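**Q** I'd like to ask you about the structure that follows.
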Amino acid sequence: MIIQCITGGSFLTNCYIIADEESKEGIIIDPGAQLSEVLEEIKNLDLKIDKIVNTHAHIDHASGVQEAKDALGAKFYLHPKEKPVLDILPESALRFPEFSGVEVPEIDEFVEQGDIVEIGKYKAEVLHVPGHTWGSICLVIDGHIISGDTLFAGSVGRVDLTGGTSMEELVGSINRKLMVYPPESKVYPGHGPVTTIEIEKRSNPFLGGGTILF
Ligand SMILES: [Zn+2]
Ligand SMILES: [Zn+2]
C-alpha cells in the first residue's frame, strides 16, 4: 500500500494520498493549501485517484476539495453531519485570508459509521468519531488509522471550533472507536507526526496516559 503525507498551509495540515501499489487506484484525504504538491505527487506516482474523502470539513482540510475534484474528476465523500461545517467555508475564509476564494464543493457520496471505501484491493472502514466536529470520521485501512483532527501524537483535537461538541464526547469516541485497535496500529493525524495506538495509550495525557507532575 502507498501512503504519502503532504503537509502544507500555515496550519501545517496533512493531506494523505493512499493507493494500491499494483492497480495504482487511490484516494486522497483532506486536500487543502498543499493541493498543487499533492497533484504533482499523484502525477509522479502515476496514480488514478477516483475519491476525495474528508475526515472533516474545517477549511485547512477542505479548501482544496473543489480544485481537486476539477483536476482529478474524483467524487467527494463526507459524513452527512459535517455538511453544515462545509457550507460555511466562505465565512471561514473571511477569517483566514490564505483561503480566500474557496468554493463549497458538492458532496457526491455520504459516508457513515461502518461504510467501506474501496482503494483498489484495499478496503477503508469508516468510523464516525464525533467530538472535534459533529461529522468527523477516521478511516482504517489494513491496520493504518487516518485520524483527522480527532487524535494527534500526544494530544487530541480542539472542541471549541466550528462543529465541535465536547471533550467528553471526543475522548469517548477515541476510547470506543480507536483504542480498540491493536497496539501496533499506526495513527496518521491531520497535523503532526505519525504515532501508534500503544504510544497514545501509554502517554497521551488527554486519554489518562502519562504522569501529571504537579
Ligand atoms: Zn479540524
Ligand atoms: Zn486541522
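**Q** For segment 175-202: of the residues being more than 18 Å from Ile2 (Cα to Cα) and within 16 Å of ligand 2 (Cβ to nearest atom), which is surrounded by the most Cβ atoms within 10 Å (Cβ to Cβ)?
**A** His191
**Q** Let me ask something else. Any idea which of Ile145, Ile137 is surrounded by 24 or more Cβ atoms within 10 Å (Cβ to Cβ) and more than 26 Å from Asp87 (Cα to Cα)?
**A** Every option except Ile145 fails the conditions.
**Q** Looking at Leu72, Leu89, Leu35, can you tell me which residue is over 17 Å from the mean Cα position of the chain (by Cα), hydrophobic (A, V, I, L, M, F, W, C), surrounded by fewer than 24 Cβ atoms within 10 Å (Cβ to Cβ) and at pLDDT 95 or above?
**A** Testing whether each residue is over 17 Å from the mean Cα position of the chain (by Cα), hydrophobic (A, V, I, L, M, F, W, C), surrounded by fewer than 24 Cβ atoms within 10 Å (Cβ to Cβ) and at pLDDT 95 or above leaves just Leu72.
**Q** Moving on to the next point. Only one residue in Ser203, Ser166, Ser147, Ser136 is farther than 26 Å from Ala93 by Cα and either in contact with a Phe, Trp or Tyr (Cβ under 6 Å, 6 or more places away or on another chain) or small (Gly, Ala, Ser) (or both). Which one?
**A** Ser203
**Q** Could you list, in sequence order, the residues of segment 97-125 that are part of a loop (DSSP other than H, G, I, E, B) and either crowded, with 16+ Cβ neighbours inside 10 Å or polar (S, T, N, Q) (or both)?
**A** If the condition is that a residue be part of a loop (DSSP other than H, G, I, E, B) and either crowded, with 16+ Cβ neighbours inside 10 Å or polar (S, T, N, Q) (or both), then Ser100, Val102, Pro105, Ile107, Val111, Gln113, Asp115, Gly120 are the ones that fit.
**Q** Condition first: away from ligand 1 (no atom under 13 Å from the Cβ) and charged (D, E, K, R). Now tell me which residues in segment 48-86 satisfy that.
**A** The answer is Lys48, Asp50, Lys51, Glu67, Lys69, Asp70, Lys75, Lys81, Lys83.
**Q** Right, next: Being surrounded by fewer than 18 Cβ atoms within 10 Å (Cβ to Cβ), within 23 Å of Ala124 (Cα to Cα) and away from ligand 1 (no atom under 16 Å from the Cβ) narrows it down to one of Leu94, Leu45, so name that one.
**A** The unique qualifying residue is Leu45.
**Q** Hey, could you check segment 126-170 for residues that are part of a strand (DSSP E or B) and closer than 12 Å to His79 by Cβ and say which is nearest to ligand 1 (Cβ to nearest atom)?
**A** Here the residue is Gly148.
**Q** With segment 1-84 as the region, which helices (runs of 4 or more DSSP H) entirely inside it contain at least 3 residues that are more than 20 Å from Cys138 (Cα to Cα)?
**A** Fully inside segment 1-84 and qualifying: 35-45, 65-72.
**Q** If you don't mind, there's one more thing I want to ask. Residues of segment 75-86 being surrounded by 15 or more Cβ atoms within 10 Å (Cβ to Cβ) and closer than 14 Å to Thr162 by Cβ, which ones?
**A** Lys81, Glu82, Lys83, Val85, Leu86
**Q** Taking segment 171-213 as the region of interest, how many residues are at pLDDT 95 or above, over 17 Å from Asp30 (Cβ atoms) and in a loop (DSSP other than H, G, I, E, B)?
**A** Residues in segment 171-213 being at pLDDT 95 or above, over 17 Å from Asp30 (Cβ atoms) and in a loop (DSSP other than H, G, I, E, B): 8 in total.
**Q** Separate question: For the subset of segment 55-88 comprising residues that are over 14 Å from Thr133 (Cα atoms) and among the hydrophobic types (A, V, I, L, M, F, W, C), which member is nearest to ligand 2 (Cβ to nearest atom)?
**A** Taking the candidates together, the pick is Val65.
**Q** Could I ask something else about it? Residues in segment 160-203 that are more than 19 Å from the chain's Cα centre (by Cα) and in contact (Cβ under 8 Å) with a residue 40 or more places away in the chain: how many?
**A** Of the residues in that region, 3 qualify.
The values are calculated or read from the model by the stated rules, or taken from the named source; none is laboratory data. The model shown is predicted, which means the values in this text are computed figures rather than measured ones. When we count neighbours, we look across all protein chains shown, and the Cβ atoms used for this are built from the backbone with ideal geometry, even at glycine.
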